[in-house]
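Asks: Below are the structure tokens for one structure; questions will follow.
The values are calculated or read from the model by the stated rules, or taken from the named source; none is laboratory data. What you see is a predicted model, and the numbers here were worked out from it, not measured in a lab. A quick note on method: Cβ atoms are made from the backbone with ideal geometry, for glycine too, and the neighbour counts reach across all protein chains shown. These area figures cover heavy atoms from the full protein model, side chains too; ligands, DNA and RNA do not enter into them. Shrake-Rupley method; radii C 1.70, N 1.55, O 1.52, S 1.80 Å.
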Amino acid sequence: MIRFERVSKRYPPGLDALSDVSCEVTEHEMALVCGHSGAGKSTLLKLIAGIEKPSGGALLIGGQNLAALPRSALPFLRRRIGMVFQDQKLLFDRSVFDNVMLPLAIVGFPRRDAAQRVRAALDKVGLASREKAMPVMLSGGEQQRLAIARAVVNRPSLLLADEPTAHLDAQTAADVARIFHEFHHVGVTVLIATYATELFPAARRLQLDHGRLLS
Amino acid sequence: MRVWLSQHQDAARLAVRRLAAAPVNSLLSLLAIGIALALPAGGQMLLANALHLSGATSAVPQISIFMAANAERQAASEIGERLGRYAGVRQVLFVPREETLARMKSGPGLREVIEALPANPFPDAFVVSVADESLAAMERLAVEFRQWPRIEHVQLDSAWVRRLDALLKLGRTSVMLLAALLGMGLIAISFSLIRMQVLTHRAEIEVSRLLGATNGFIQRPFLYFGILLGLGGGVVAWLLVTAAALWLRAPLAELARLYDLTLALQTLGARDSALLLGFAAGLGWLGAMISMRQHMQQY
């Protein structure tokens, strides 16, 4: 599903965020990207979503080399990936419902079916009753779940999450972790960058240290 | 196709919502665009009216020849014969002084004045149509006729029509120039308003892009916003021009009556109105397009 072949990412003026990373995440797998702050966890996820470009090596998603992907094809790659961002990136000027609707509007999903899908996604993360609320009215845990609903509403085959349980209390973090497990169980490939490895005991770990992958 | 249509519909709806979200801003912007467009549109309206007026006036060029006031009828008939024989003269109409007097007396207000005069103040006159109606040829003829005996005054009747034509041509060029200048102004207004919109909706643009939106999807509502701005401004301009025309109609008709003209100021015609709205919407779109090109790269 995802294959890193000696991938490196260097930010100017010479900061190596990732060096010589080779690894593979297979389909339907759940894997964690762990490591200290600044180890390169976020960079690794950003490379997969095409937000950053590798400085060296090859990165293949579903057999497709991202380096060879034209810029105009990038949106279509992103539509196949659900992404939960570290800072969530919710839109605060629209309702919970409309936030989750956005990915469907982007792909031009038929309106009536889209509404059903949005409700299903909100139901899945336990926000079915809050669809009319504005994001600012939600608690931190609810906002995180809203971000997850938006990431999965397109039913992507790959779900990426960057620190999805940071800043959450233990109970809420456990709830969020359970949601990821559920998606994994229905066949979604899940890759999570996190410190809280204890929440995902069964997942394989990719340990990063100063941009290098420890075997 | 249905997806495409519904996405356009959504984008247009979003653009309307954004316009409505800041009503005072939007209204003032529309007013600014409307006033800018009202100038060339109003110019075009006046021009169309002037064209109509000049079209109604006979533009057949003629030469009027007036005998000296004390010339005898004999001298007049000699001139008449000479004109009739003259090469280049197509038709000669003799207007005896008695006829002119009678016509003038029947006019309002002049009767008392004329009756107070001791003698008929009008001379015998000829109205001459010529074969070659070019200004140069007619002026040559006029110069020639002036040297004939007992002729007091020769006048080119077409002169004022030609002057009006030249004036109208100038007017048309001015309207075009004004339209071009203020059209560029409209593009600039649209450009900067869309730039502000882009800044306001930065987060949305960024998130949409991360979720797999194409450039087309992101730009669409902004382009519709530009079109709506232009179109709304065009409607404002149309209303301004129409209101001004209706308001000016009565006093202008009054003035025209004093000059013995019947003039009902016409508002912008269907073609000009459609042109105005299309032009405005197109320029709004263009400004938005340039703005998006400029600002999209940042996100």
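Asks: Pop a pseudo-label 7 angstrom from the Cα along the beta-carbon direction at both B:LEU31 and A:ARG80 and give the gap in nm to one decimal.
Replies: In this crude label model, B:LEU31 to A:ARG80 measures out at 5.4 nm.
Asks: Sort the following peptides by mean Cβ neighbour count (other Cβ atoms within 10 Å, averaged over residues), highest first: B:119-129, A:146-156.
Replies: A:146-156, B:119-129
Asks: Shifting gears a bit: For the range A:1-69, what does the alpha-carbon gyration tensor say about shape, rounded, prolate or oblate, given a ≥ b ≥ c as the root eigenvalues, a/c under 1.5 as rounded, and a/b over b/c as prolate?
Replies: Taking the square roots of the gyration eigenvalues as a ≥ b ≥ c, the range A:1-69 is oblate.
Asks: Follow-up. Averaged over A:88-97, how many beta carbons belonging to a partner chain fall within 10 Å of each residue's beta carbon?
Replies: 2
Asks: Here is a follow-up. Any chance you could check the Cα centroid distance between the range B:1-79 and the range A:1-52 for me, in angstrom?
Replies: Here the answer is 65 Å between Cα centres.
Asks: Continuing with the same structure: Nearest 10 degrees, 0 to 90: what angle lies between the long axis of helix A:140-152 and the longest principal axis of chain A (Cα atoms)?
Replies: Between helix and principal axis, roughly 80 degrees.
Asks: At 25 °C and a viscosity of 0.890 mPa s, what translational diffusion coefficient does Stokes-Einstein give for chain A, taking Rh as the Kirkwood radius over Cα pairs? Give it in µm²/s as a whole number.
Replies: Once the numbers are plugged in, D ends up at 139 µm²/s.
Asks: Specify whether the C-alpha gyration tensor of the range A:105-160 places it in the rounded, prolate or oblate class, a ≥ b ≥ c being the square roots of the eigenvalues: rounded for a/c under 1.5, otherwise prolate if a/b is larger than b/c and oblate if not.
Replies: Oblate.
Asks: Compute the distance in nm between two label points, each set 7 Å from the Cα along the Cα-to-Cβ direction, one at A:SER72 and one at B:LEU258.
Replies: 6.7 nm
Asks: Still on this model: If you roll a 1.4 angstrom probe over the protein chains with everything in place, what fraction of the accessible area of the range B:154-278 belongs to carbon and sulfur, to the nearest %?
Replies: 70 percent
Asks: Additional query: Over the whole of B:201-209, what's the average partner chain Cβ count within 10 Å per residue? Rounded to a whole number, please.
Replies: Rounded to a whole number, the mean comes out at 4.
Asks: Now, a different point. What residue among B:GLY34, B:GLY88, B:GLY185 has the largest mean-square fluctuation in a Gaussian network model of chain B, using Cα springs under 10 Å?
Replies: Greatest mean-square fluctuation among the candidates belongs to B:GLY88.
Asks: Among A:LEU158, B:LEU223, B:VAL241, flag the residue with its Cα farthest along the positive direction of the charge dipole of the protein assembly as shown, charges on Cβ as +1 for Lys/Arg and -1 for Asp/Glu.
Replies: It is A:LEU158, whose Cα lies furthest towards the positive end.
Asks: With axes computed from alpha carbons, what is the tilt in degrees of helix A:111-124 against the longest principal axis of chain A, rounded to the nearest 10 within 0 to 90?
Replies: Relative to chain A, helix A:111-124 is tipped by roughly 80 degrees.
Asks: Probe of 1.4 angstrom, ligands and nucleic acids ignored: what's the accessible area per residue over the range B:62-157, in square angstrom?
Replies: For the range B:62-157, the solvent-accessible area averages 60 Å² per residue.
Asks: Using a basic spin-label model with each label point 7 Å from the Cα along Cα→Cβ, how many nm lie between B:SER106 and B:ARG140?
Replies: Roughly 3.9 nm, to one decimal.
Asks: Going from most exposed to least, what order do A:LYS132, A:LYS46 have by accessible area with a 1.4 Å probe?
Replies: A:LYS132, A:LYS46
Asks: Would you mind giving the total buried accessible surface between chains A and B, with a 1.4 Å probe and ligands, DNA and RNA left out, rounded to the nearest 100 Å²?
Replies: Buried area between the two chains comes out at roughly 1600 Å².
Asks: Give me Rg over Rh for the protein assembly as shown, both radii from the alpha carbons and Rh done the Kirkwood way, two decimal places.
Replies: Here the Rg-to-Rh quotient is 1.35.
Asks: Considering only protein heavy atoms, what is the solvent-accessible area of B:SER174 at a probe of 1.4 Å, reported in Å² to the nearest 10?
Replies: Here the residue's solvent-accessible area equals roughly 60 Å².
Asks: Could you sort B:68-75, A:164-171, A:1-8 so that the peptide with the highest average Cβ count within 10 Å comes first and the rest follow in order?
Replies: A:1-8, A:164-171, B:68-75
Asks: Here is a further query. Just to make sure I understand: if all protein chains stay in place, what is the order of A:GLU198, A:GLU24, A:GLU182 by accessible area at 1.4 Å, largest first?
Replies: A:GLU198, A:GLU24, A:GLU182
Asks: Return the subset of B:LYS105/B:LYS169; A:LYS9/A:LYS89; A:LYS9/A:LYS132; A:LYS9/A:LYS124; A:LYS41/A:LYS132 for which the Cα-Cα distance in this structure is over 30 Å, preserving the input order.
Replies: Cα-Cα > 30 Å for B:LYS105/B:LYS169; A:LYS9/A:LYS132; A:LYS9/A:LYS124; A:LYS41/A:LYS132; rest within.
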